[in-house]
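**Student:** Please see the structure below; I have some questions.
The values are calculated or read from the model by the stated rules, or taken from the named source; none is laboratory data. Quick caveat: nothing in here was measured; it's all calculated off a predicted structure. Here the Cβ is made from the backbone with ideal geometry for all residues, glycine too, and neighbour counts use every protein chain on show.
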């Protein structure tokens, strides 16, 4: 019998796939952790809003307009006069008067000059004598110019009255009285510079006193000489004064002007400048026997000065009174030239004639202009300003670069008035 095969029959089933789980790379895991699309959108919305707020803040707070305008100008030329008075303490513009004062500087110069005169210089020898009285116990008066003659015949005199004391007895013997006196040679010259000697008194010759009154010198006489010497002459003094006079005046004026130029706020009137010698001094006189001498001169320079501010204020006040309404003075253009018309140094008054030149410009209401420019574009601003009859030129700048209109806040509008 044939063997049969047995076949198992299964109901049809869907084929199942097998899944194998493998470890994924870290990069893939990180990528899967990225924000979802919805979160990214929220970030962009908030970031964009913040940027808009920042830009709006910058626009409102940083936006500025710098506008320069040149008003119409007119040249001005005027003449007037003003008095500078050293007795005035305050300016009086109605009286055309400003205060002045005297400014001064002194210069003292001393210089040594040689003496050019010649003369014989004669001096007499001098010395000391001791005079003895062996005549009596009574004193003896010797009048001034009493003569004393040395053993070699040189004559000396006492210049003053002297008294020789009397002698005294000691042990029955008369001890001479004595005194020291100064004597001067009768004639100049070296011949009288003698050594120690014994002297007699010629005035007592022929009397008993001649041998009883005598003198001795114990030191040499000295100082006698005759030689040629220089002396100061009148011509020497005159030349010294003439030489220093001009120099002292020049240096005094230079010192004055240097000091004035250092004072930037002061003007001086040249026609009132006065320099003179106020003191001369010589330490020698004509006839003085010296080789050189010092001569001194003091000079003083003075000038009338006034404050620049006083003059400018007076001129500005005068200009305002002369120009019409709606015009202003452009102060930097002001120029003042002046000259002394009359000068009275005794009273300290000087009348100045003034030549004035300046620029005036049309008055502009800057606040009104700012209000009219608010919110206007660059072109609108330019057209508006050019249509103003009192404005001749403009320059407009907006900042930052994205600004296209004049800010509404007038504090952000910088309006500058320029006058060239």
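**Student:** So, in the stretch 393-402, exactly how many residues are assigned to a strand (DSSP E or B) and free of Cβ contacts under 8 Å to residues at least 12 places away in the same chain? Give the steps one after another, and end with the answer.
**Tutor:** Within the stretch 393-402, the first condition is being assigned to a strand (DSSP E or B), and the residues that meet it are 393-399.
Right, trim to free of Cβ contacts under 8 Å to residues at least 12 places away in the same chain and you get none.
Residues flagged as assigned to a strand (DSSP E or B) and free of Cβ contacts under 8 Å to residues at least 12 places away in the same chain within the stretch 393-402 amount to 0.
**Student:** Next up: Residue 365 passes all but one of (1) buried (at least 16 other Cβ atoms within 10 Å of the Cβ); (2) more than 30 Å from residue 262 (Cβ to Cβ); which number fails?
**Tutor:** The one condition residue 365 does not meet is (1).
**Student:** Okay, moving on. Looking only at the stretch 75-113, how many residues end up being touching a residue at least 60 places away in the same chain (Cβ under 8 Å) and either loosely packed, with under 12 Cβ neighbours inside 10 Å or touching a helix residue (DSSP H, G or I) at 6+ places or on another chain (Cβ under 8 Å) (or both)? So that I can check it myself, show each step before the final result.
**Tutor:** Applying the first criterion (touching a residue at least 60 places away in the same chain (Cβ under 8 Å)) to the stretch 75-113 yields 75-87, 91, 93, 96, 98-113.
From what is left, the residues that are either loosely packed, with under 12 Cβ neighbours inside 10 Å or touching a helix residue (DSSP H, G or I) at 6+ places or on another chain (Cβ under 8 Å) (or both) are 75-80, 82, 87, 91, 93, 96, 98-99, 103-109, 111-113.
Of the residues in the stretch 75-113, 23 are touching a residue at least 60 places away in the same chain (Cβ under 8 Å) and either loosely packed, with under 12 Cβ neighbours inside 10 Å or touching a helix residue (DSSP H, G or I) at 6+ places or on another chain (Cβ under 8 Å) (or both).
**Student:** Would you mind stating whether residue 351 is in contact with a helix residue (DSSP H, G or I) (Cβ under 6 Å, 6 or more places away or on another chain), surrounded by 12 or more Cβ atoms within 10 Å (Cβ to Cβ) and assigned to a strand (DSSP E or B)?
**Tutor:** On the way: in contact with a helix residue (DSSP H, G or I) (Cβ under 6 Å, 6 or more places away or on another chain): no; surrounded by 12 or more Cβ atoms within 10 Å (Cβ to Cβ): yes; assigned to a strand (DSSP E or B): yes.
The answer is no for residue 351.
**Student:** With the requirement that a residue be without any contact (Cβ under 8 Å) to a residue 24 or more places away in the chain and loosely packed, with under 14 Cβ neighbours inside 10 Å, what does the stretch 305-324 give you? I'd like the intermediate steps shown before the answer.
**Tutor:** Initial filter on the stretch 305-324 (without any contact (Cβ under 8 Å) to a residue 24 or more places away in the chain): 316, 320-321, 324.
Passing the criteria: 320, 321, 324.
**Student:** Take residue 272 and tell me if it is crowded, with 16+ Cβ neighbours inside 10 Å, in contact with a strand residue (DSSP E or B) (Cβ under 6 Å, 6 or more places away or on another chain) and at pLDDT below 95. Step through it out loud before you land on a result.
**Tutor:** Values: crowded, with 16+ Cβ neighbours inside 10 Å: yes; in contact with a strand residue (DSSP E or B) (Cβ under 6 Å, 6 or more places away or on another chain): yes; at pLDDT below 95: yes.
Yes: the conditions hold for residue 272.
**Student:** Tell me yes or no: at least one residue of the stretch 255-264 is in a strand (DSSP E or B) and either buried (at least 19 other Cβ atoms within 10 Å of the Cβ) or at pLDDT below 95 (or both).
**Tutor:** Quick first cut of the stretch 255-264, residues in a strand (DSSP E or B) only: none.
Within the stretch 255-264, none of the residues are in a strand (DSSP E or B) and either buried (at least 19 other Cβ atoms within 10 Å of the Cβ) or at pLDDT below 95 (or both).
**Student:** Let me ask something else. Being closer than 30 Å to residue 80 by Cβ and assigned to a strand (DSSP E or B) is the filter here; which residues of the stretch 356-392 pass it? Can you show your working first?
**Tutor:** Here is the first cut: in the stretch 356-392, the ones closer than 30 Å to residue 80 by Cβ are 356-364, 390, 392.
Hits for the stretch 356-392 are 356, 357, 358, 359, 360, 361, 362, 392.
**Student:** Quick one: in the stretch 272-324, of everything that is under 22 Å from the mean Cα position of the chain (by Cα) and in a helix (DSSP H, G or I), which residue is nearest to residue 117 (Cα to Cα)?
**Tutor:** Initial filter on the stretch 272-324 (under 22 Å from the mean Cα position of the chain (by Cα)): 273-275, 298-309.
If we keep only those that are in a helix (DSSP H, G or I) as well, we get 308-309.
Working: 308: 55, 309: 59 Å.
Applying the filter and picking the extreme gives 308.
**Student:** When you scan the stretch 404-412, do you find a residue that is surrounded by fewer than 15 Cβ atoms within 10 Å (Cβ to Cβ), in contact with a strand residue (DSSP E or B) (Cβ under 9 Å, 6 or more places away or on another chain) and not in a loop (DSSP other than H, G, I, E, B), even just one?
**Tutor:** No: the stretch 404-412 contains no residue that is surrounded by fewer than 15 Cβ atoms within 10 Å (Cβ to Cβ), in contact with a strand residue (DSSP E or B) (Cβ under 9 Å, 6 or more places away or on another chain) and not in a loop (DSSP other than H, G, I, E, B).
**Student:** What number of residues in the stretch 188-223 are in contact with a helix residue (DSSP H, G or I) (Cβ under 6 Å, 6 or more places away or on another chain) and modelled with pLDDT under 95?
**Tutor:** Here the count works out to 0.
**Student:** A further question on this structure: Considering the stretch 226-254 alone, what residues qualify as being surrounded by fewer than 18 Cβ atoms within 10 Å (Cβ to Cβ) and within 30 Å of residue 121 (Cα to Cα)?
**Tutor:** Matches in the stretch 226-254: 226, 227, 228, 229, 233, 234, 235, 238, 239, 241, 242, 243.
**Student:** Could you tell me whether residue 158 is closer than 17 Å to residue 146 by Cβ and surrounded by 18 or more Cβ atoms within 10 Å (Cβ to Cβ)? Steps first, please.
**Tutor:** Numbers: closer than 17 Å to residue 146 by Cβ: yes; surrounded by 18 or more Cβ atoms within 10 Å (Cβ to Cβ): yes.
Answer is yes for this residue.
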